[in-house]
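Coordinate-derived values only; no laboratory data. The model shown is predicted, which means the values in this text are computed figures rather than measured ones. Cβ placement follows ideal geometry from the backbone for every residue including glycine, while neighbour counts extend to all protein chains displayed.
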Amino acid sequence: MALLLQFVRELAEYERAAERVIGTETMLADALFGDRPSAEAVIAEVADEPAGFALFFTTFSTWLCQPGIYLEDLYVRPEHRRGGVGRQLLAHLAQLTVERECGRLEWAALTWNTPALDFYAALGAERLEEWAAHRLEGPALKRVAAGLIPER
């Protein structure tokens, strides 16, 4: 768990959001191995050295009427980039997606992360320009959960 959380912190630093990582090793262990696991992770190694990771979870598409896999995080340490680690992690997830008879593998990328966007385009991944991501968290999530939804 310490290694995975370190990878998460390194990724958050790269994404200019280090202060937003508030999870703990215990929380991560519960999410991966608790009574109701909600995510899975794989770690890539190069010469027995941790090089990167992917963390993912199951989704569902009503249009396909099939499950899918959502890649929450993909991270490769700088010294291992451009060495095929990211390709291998994505290939592994694509294999899991096919083996589990899921209809799609999907993820999001920051719009300024040109190296990642170029990499995904080279894979043949479709960029969903017409979809805008949304998130409720913190106080806003609690207000909506309490039914305090403003009129439009």
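Things to note:
- Of the residues contained in the range 7-18, one or more are found to be under 26 Å from Leu123 (Cα atoms), without any contact (Cβ under 8 Å) to a residue 60 or more places away in the chain and loosely packed, with under 15 Cβ neighbours inside 10 Å.
- Scope the range 37-57; condition closer than 24 Å to Arg100 by Cβ and over 18 Å from the mean Cα position of the chain (by Cα); matching residues: Glu45
- Looking across the range 93-108, just one residue is assigned to a loop (DSSP other than H, G, I, E, B) and within 15 Å of Leu55 (Cβ to Cβ), and that is Ala108.
- Put simply, of Leu32, Leu90, Leu28, Leu64 the only residue that is exposed (fewer than 12 other Cβ atoms within 10 Å of the Cβ), of a type outside the set (Gly, Ala, Ser) and either without any contact (Cβ under 8 Å) to a residue 12 or more places away in the chain or not in a strand (DSSP E or B) (or both) is Leu64.
- Selection of the range 43-56 for residues being surrounded by 15 or more Cβ atoms within 10 Å (Cβ to Cβ) and under 21 Å from Ala109 (Cα atoms) yields Ala44, Ala51, Gly52, Phe53, Ala54, Leu55, Phe56.
Conditions tested, residue by residue: (1) assigned to a helix (DSSP H, G or I); (2) under 24 Å from Ala54 (Cβ atoms); (3) in contact with a strand residue (DSSP E or B) (Cβ under 6 Å, 6 or more places away or on another chain).
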{"site": "Thr111", "(1), (2), (3)": "no, yes, no"}
{"site": "Leu117", "(1), (2), (3)": "yes, yes, no"}
{"site": "Tyr120", "(1), (2), (3)": "yes, yes, no"}
{"site": "Arg127", "(1), (2), (3)": "no, yes, no"}
{"site": "Ala133", "(1), (2), (3)": "no, yes, no"}
{"site": "Val144", "(1), (2), (3)": "yes, no, no"}
{"site": "Pro150", "(1), (2), (3)": "no, no, no"}
